[in-house]
Every structure is written in structure tokens, then in C-alpha cells.
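> Below is the structure I would like to discuss, written out as C-alpha cells.
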Amino acid sequence: MKIRSAAYLSSAATALLLVGCGPAAMISTTPLALGGWSKDEAEVIAAFPVRRNAQILDAARERRIADIVAGMTLEQKIGQMAQPSILSITPDEVRQFYIGSVLNGGGGWPQGKKHATAQDWAKLADSYAKASLATDLAVKIPLIWGTDAVHGHNNVVGATTFPHNIGLGAANDPELMQRIGRATARQVRATGINWAFAPTLAVVQNQRWGRSYEGYSSDPTIVASLGGAMVHGLQGNLTGDGDVLASGKHFAGDGGTFQGVDQGENRASLTDYVAIHGAGYYSALDAQAATVMISYNSWARGGTQPHGKMHGNRALITGVLKGRLAFDGLVVSDWNAIEQIPGCERDHCPQAVNAGIDLFMVPENWKTFITQTALDVREGRIPMARIDDAVTRILRVKLRMGLFERPTSAGRYTGDSTALVERELAQEAVRKSAVLLKNNGVLPLSGKKRILVVGAGADSFARQSGGWSLTWQGDETDNKDYPVGETLLGGLRRVYGAANVSYSLDGVGTDPRGYDAVVAVIGETPYAEMKGDVRFPAPLSHSARFPEDRALLDRFAGKGVPVVTVLYSGRTTYATDLLNRSDAFVAGFLPGTEAGAIADLLGGRANLDFSARLSFAWPNTACPTGGEPVAEALLPRGFGLSYRVPFLTGRLTEQAPIASCP
Ligand code: GLC
């Protein structure tokens, strides 16, 4: 017998209840239906359309879950709700404390070894899995391991990485996105891991944000389309050797904070909060995303009615996500995020438990989290029903993925380092995500013989990969850390022959005459999260932030040899001065390990052509005043050139350099 999830029924009931009517028979007894919402909260909840495609719960599975939960002690239940970092827990502690999940953060490698192999990762995963099966629980509960595989399995040396989402948004190809998801799942499984903290469903409204590149677009329809496809790709049918759990993140509004401040305040109106920042979750949940990660940001409705930090927001997590959107999987917190709730610590936050979070990313202080939370329950600050709901959801996810039948990390791809390599797919993704912004006839470079390559991005895996690449920030690496892949310099040497391609990092003292073209590969240095914010009033101008790139183009522009500029960046940014100093200009965004594939586009190999279209507007000012669509757009969202449609760009009006935005 199949029953609709209690959450769904009670959400419909809650919705009807909230509007003052509803058949009593529909009222469910889950905590949800008890409501207790303020008028403002009730309005917010009712503003989210009820999601119509809630999963049907399997009655037999639900009975099995209830039996397991009934046989667990409080400490065993809370052990399931804790997610330590692998750097702060041993397998035997997983056994001792009944831990249900671990994670590795960016740059968190097994035994702290950057060059840990797939086998090393898989060995550690196996030891954690076996430890979780060695507890004295009446019914053993296998462990799940989460990792930020956000553009391929980017923590692992030798793994192919794909373009970051800002480029994949420009490709805007859901079928390609799903294939990337499948490949990423295989890569993750090769290391014995079974959960990817992806896709990011941020609908990024301000390019000052350091995580802009993790978002597909400022357009919620593109985010919904690609986010859903990525969930399908990662999860497959959840139970196969090449399937992993997905995480829609970060719920909700991470991409819309004021001035793009990471973990800041989203001031969207209720209408925009639902339509823009909620959009990705409907499609991710329709794709049956098994987990959702909560966001660091806060929300102040319309900028005036504070709803506080997301991690403490019961109306949005329980009332909206679990109610109106009928999400019946598990909700996970972000890294130590609960400490940002007033009155909370990183290891103690009954407000976040009561808000509806089920699994707590407490990387280091997991022991005190368990003891403090157990005390909260014993002293009545957290109802046992909430703990049981959390553990029920965690078990539901583990049962849905077949983990009880296959509790160890063993599988077809486990330990197989060849499963980490997906070069052709990544090359296809690179070709489909680079956007041609200007071409005054110099491209394609077919028939050219002598190419001079300059710029810090030309031969740098770090610059072409961006953040979340081997390390959290994508820094502290060099080309030796990337045994698989191709830089753009390598690609140009492949296309034109090494003897015909010269390279000079800064081009100083290099005379361009005698060359058919100069290819200048410039770009941002890598960053992640708040370290990538361009905080107001700093100008959002590439030249202001990287003056060496402007100096490079000044050195070669107008010297009688055409200049083709390729910009690596995690955002769209003021670059009119650079466009004026280029005869052709490509927004490469962050292409990942196969950036060399851009050379095939530049050379027009096999009649390849540009097809990507900007998924964010390109600003005409270093001081944009609003979100998207950028009123001050130089190039609108949807812009992108190709060889098929000639398009001459005249000299653009440049802003005078500015040190600080007004
Ligand atoms: C980070 C990020 C989140 C990531 C988590 C684990 O702070 O906000 O996206 O999944 O921590 O690394």
C-alpha cells in the first residue's frame, strides 16, 4: 500500500488550515500541522506554491524505519544526526559514537595527503563504512560520506574537472549537464564516497559574490533546468554503482545577498524570494534530490522584515521546504553554520534542530554536539518527535539508496582511478561553455602559422580551474598537481604545432611582429566563498583587480598584430578597456582541467564554432548598482557571437579608472 508522505498531506492541510478552512480529516498529527506560525510566517509559507510531484512513501519501508528508530537509544539517534570531518574522527570513533555520516571539506584529503589516490580514498571510505557496521546497534546503520564534487570530483588528484557552473550556464544544455552528473557520480564512487554536495541552486543576482561561479545563471529558469538535470545525473536511480546522493544547495537565497556579501542578508521581496531563489528547489525535488543543504545567508523580507539566518528558520525549513515543497529527504546544515544563530554555538543549537535540520555538519566539535543535543532533549528543549523525524529522514535516504543491502563502499568503480578521467566529455563542455564576446575578423585563427601566447593564465591549471580545485581555494597548487588535462598553451601547441607557438608569461621585451597573432590568456587568481567577494566599494573591474592584465594588453594592442584575449573569471566583470585592446575576446569563465579545448574553437578545428550564450549580463560599469538584469549591461544575458554571424565591434566608451565606487 502506498501512502502520500505525511509531510505532503500535512503541508496541504497546513496550507488549507492557514487560509482558514480545510477538511478536518486531512489534518495530520505531524509537528508540521501544529503550525504555530506567526502571521508573517504563515504568509511566507502560503506564498510558496505546493509542489505537486511529492514522492509516494513506501509503507513497508516506513514501517521498517519506524521499527529501527524504536530500537535506538537517544545517543544512537543523535549520533546519526552528526556529520564530522574525516580530519577529526577515526573509524573507531564512528563505531563508538554511532556516527551516521562524515564529510571531507575542500582540501580535506585522506591522512592530509594532497596526492591521495582513488585507492587511498576508497580504503578510508571502506574503514568508515565497516566501523559503522560494527556498533552495538540492534540494527546496524551504514554511513554516508559527503564531498564537494561541484565541478567533477575536484578534491582528487588526477580527476578531470569540468567547467564551473557559470560556464555550464552559458552552455545551457541540460542533456550535457546530466552526462556531467553521471560522470561526476562515477568519479565520486571511484573514491568509495556516496554523496556529492551538488548542485548549487543559487540564482546569483550580484557578481560581487565570491561564489558567483558556483551558480548557473541569474535566470531562475536556467538554474531550475540545469539543477534538475544535475540531480538526475548524479543520482540515477540512487541504487546503482554509479549513483550518488545529490544535495540541492544552499536553501535559500544564497545568491541574492545585499551587495553580494557571502553569507550576508538577502533582502528580496516575498514574491522574488519565491520566484527567484526558490525556483531551483522545485525542479531539484521533482528530480528527487535526496538531500538539501541549508544556506548561511539570512533573509529580511523586502529588506524590512527580518527572518533571521536560514539555519534557524523553522518557517522556511519546516513550513516551506518540508511542507509546501513536500521534501521528505534529509536536510543538512552547512559547515559550522549553526554557530551563526543568535544564542547558539557551533556544537550546540536546539533552535536549528527545532527549525527542521536533520543532519549537522559539525566538522570538529561533534562530540560536544552529541552530548549537548542529548541534554536538550532530556531537558525538554527539543521534542523527541523532532529527533525521531530527523533520524527517520536520514534512514529513509539510506534505505532509498540501497545502503542497507550494500553497506560498504565496494562497487564497480571503487578504487578505479581510470573512472576519474573524463577528458572527452570535459573538452565538449569547455567548447560549449566559452562565450565569444568580440571578433573583429581575426577568428578563427585558421591558416595562421606563428602564434605568440602571453599571460598568466596560459599555462596555469590553477587559474583555469578556479576555486574548489584540489584545495578549498584552488590555490597552493602547481601544474605538477594536475597530471591529467591540458592548458590553453598546450592546446594551442597541439593545434598549431609546438614549433609554431611561442610563450612569454608577461611578454616583456617580446616583439609581436613576425607573429600572425597574439593570444593573451588573462584571468583571476583562484578563490572560493567569501575570499572571492569583491566587497563594495571596491570597483568590480578586472583591470582594477589585476592591473598586470591591463598592462599586458597595453603592451600588445595596436602593434599591427591581432590580439585574441581569453579571460578566465568566476564572474562577469567590467572589462570594456580590455575589450577595446583586443581584436577578439573570449569569456572562458573557469573551464577546468581541459581548458586546452578552447584552442580547437580558436582554430576553427573541424568546423567547430562558439555556441555559448552569457547566462549573466556583462556590465558596462565597474560600479553596478543593482542585481540582474543589470540595467547597466554592456552585453545582455543571452549574448554570444559565433563564426556564422559576423559582428564588428567598434571602440567602446571606457569608464575612467575608479578607485572606489560611490
Ligand atoms: C562550505 C560551503 C558548502 C560546502 C560545505 C562543505 O562552507 O558553504 O557549499 O558543501 O562547506 O565543504
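What follows draws every value from the coordinates through simple rules; no lab data is involved. A quick note: this is a predicted structure, and the numbers were derived from the prediction, not measured. Virtual Cβ from ideal backbone geometry, glycine too; neighbours counted across all protein chains shown.
> Can you give the % of DSSP beta bridges in the chain that are antiparallel, to the nearest 5? Intermediate results must be reported in sequence, preceding the final value.
Details: 19 of 60 bridges.
Looking only at bridges with both residues in the chain, the antiparallel portion is about 30 percent.
> I would also like to ask the following. How far is it, in nm, from the label point at R644 to the one at E175 when both lie 7 Å from their Cα along the line to the Cβ?
1.5 nm
> Rounded to the nearest 0.05, what FRET efficiency is calculated for N479 and S446 with R0 set to 30 Å and r the Cβ-Cβ distance?
On the way: r = 28 Å, r/R0 = 0.95.
For N479 and S446, the calculated efficiency is 0.60.
> Can you give me the three principal axis dimensions of the chain from its C-alpha atoms, in Å, biggest first?
Between the extreme Cα coordinates on each principal axis of the chain lie 79, 52, 41 Å.
> Report the Cα centroid-to-centroid distance between the stretch 347-393 and the stretch 238-256 in angstrom, as an integer.
About 22 Å separates the Cα centre of the stretch 347-393 from the one of the stretch 238-256.
> Students often get this wrong: which residues of the stretch 364-388 have the backbone nitrogen under 19 Å from the point 7 angstrom along Cα-to-C-beta of E339?
364-373
> Moving to a separate point now. If you count the DSSP beta bridges with both ends in the stretch 422-635, what percent of them are antiparallel, to the nearest 5?
Numbers: 7 of 26 bridges.
Antiparallel bridges make up about 25 percent of those DSSP assigns within the stretch 422-635.
> Right, here's the next one. Over what distance in Å are the Cα centres of the stretch 570-618 and the stretch 41-95 separated?
44 Å
> May I ask you to sort W468, W109, W195 by Cβ crowding, counting other Cβ atoms within 10 Å and putting the fewest first? Write out the running numbers ahead of the final one.
Details: W468 28, W109 20, W195 25.
Ordered by Cβ neighbours within 10 Å, fewest first: W109, W195, W468.
> Using the count of nearby Cβ atoms within 10 Å as a rough guide to exposure, how do M384, M310 rank from fewest to most?
Taking fewest neighbouring Cβ atoms as first place, the list is M384, M310.
> Let me ask you something else. What full-extension length gain, to one decimal in nm, is calculated for R651 and R423 as 0.36 nm per residue of separation minus the Cα-Cα distance?
On the way: separation 228, 0.36 × 228 = 82.08 nm, distance 3.83 nm.
Stretched fully, the R651-R423 segment lengthens by 78.3 nm.
> Hey, another quick one. FRET efficiency for E379 and T73, Cβ-Cβ distance as r, R0 = 22 Å, nearest 0.05? If you can, show how the numbers build up before the last one.
Working: r = 17 Å, r/R0 = 0.76.
Working from the Cβ atoms, E equals 0.85.
> Using a 10 angstrom Cβ neighbour count of at most 16 plus a DSSP loop assignment to flag exposed GluC sites (Glu not before Pro), which longest range of the chain is free of such sites? Display every interim value, and only then the final one.
Values: sites that count: E364, E379, E405, E476, E632, E654.
Counting at most 16 other Cβ atoms within 10 Å as exposed, the longest clean stretch of the chain is 1-363.
> Quick check: the angle from helix 384-400's long axis to the longest principal axis of the chain, C-alpha only, nearest 10 degrees?
60 degrees
> I would also like to ask the following. Longer than 18 Å from Cα to Cα, which of K140/K398; K114/K398; K114/K531 are they? Say none if no pair is.
Values: K140/K398 12 Å; K114/K398 30 Å; K114/K531 21 Å.
With Cα atoms farther than 18 Å apart: K114/K398; K114/K531.
> Can you tell me how much longer the chain between T625 and M530 gets when fully stretched, taken as 0.36 nm per residue apart minus their C-alpha distance, in nm with one decimal? Don't skip to the end; give the middle numbers.
Details: separation 95, 0.36 × 95 = 34.20 nm, distance 2.01 nm.
Result for the pair: 32.2 nm of gain on full extension.
> Express in nm, to one decimal, how much length is gained between A134 and V508 on full extension, taking 0.36 nm for each residue of separation and deducting their alpha carbon distance. Mind dumping the intermediate values first?
On the way: separation 374, 0.36 × 374 = 134.64 nm, distance 6.34 nm.
Full extension of this stretch gives 128.3 nm more.
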